[in-house]
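Read the structure below first, then the notes.
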Amino acid sequence: MNNKSLKSYGLRTDKSMKTVVRLERAALKINNMTVNYLSQHNLTFNQFKVLEVLYHLGDLNIGSITKLTMSTPGNITVVVKNLKRDEWITSIKDPNDSRVSILSITQKGTDVIEKVFPNHANNLNKALEILSDKELDTLYDLLDKVYKAN
C-alpha cells in the first residue's frame, strides 16, 4: 500500500472536495435505497419520476418532463414508450403544436403511484431522520444556496 500523503490544494479546497465526495456518497446511498424499493414494484427510477411528475403536476409535454426529471431526451423517449405500453400514461398531440406530445397519467398509472409514493416518501423521511428538524432545514437551505449559485 502506498503511504504517500495526498497533495493538498489548500484547506478550503480540500474541504470542498471532501464535502462534494461526501454529498455524492450520501446521495448515492439514498438513490440506491430508492431504486431497490421501486424495483420491488417493477418500476425503474425513471419510470417512477415520470409518473410522479404527472401525478403531482398534471399533464405535461415531454420537454418539461425531461427537465423536471433531470433526464435526457433519449432516455425519456424509452421510458415514455414503456409507460405507454403498460398503459400507465397516454400521449396526445398538442393542439397548438403538432410537434409536441402532451402526456397524461392514466387511472392505472395513478393506482401505481398512489400505492408506491407514500412508502417512498416515508423511506426518504427515514433516511433523514438522523437530522433534527432544525438540521434538516439548515441542510435544505444550504443545498438550495449551492444549487442556485451554480
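The values are calculated or read from the model by the stated rules, or taken from the named source; none is laboratory data. These figures come from a predicted structure and were not determined experimentally. So basically every Cβ, Gly included, is an ideal-geometry build from the backbone, and we count neighbours across all protein chains shown.
When residues of the stretch 82-96 are filtered for being farther than 20 Å from Y37 by Cβ, at pLDDT 95 or above and either out of contact with any Leu (no Cβ under 8 Å at 6 or more places or on another chain) or in a helix (DSSP H, G or I) (or both), how many remain?
Summing the residues that are farther than 20 Å from Y37 by Cβ, at pLDDT 95 or above and either out of contact with any Leu (no Cβ under 8 Å at 6 or more places or on another chain) or in a helix (DSSP H, G or I) (or both) in the stretch 82-96 gives 3.
In the stretch 97-150, which residues are of a type in the set (G, A, S) and either over 21 Å from N61 (Cα atoms) or at pLDDT below 95 (or both)?
S98, S101, A121, A127, S132, A149
Within the stretch 99-117, is there a residue that is part of a helix (DSSP H, G or I), within 24 Å of A26 (Cβ to Cβ) and in contact (Cβ under 8 Å) with a residue 60 or more places away in the chain?
yes
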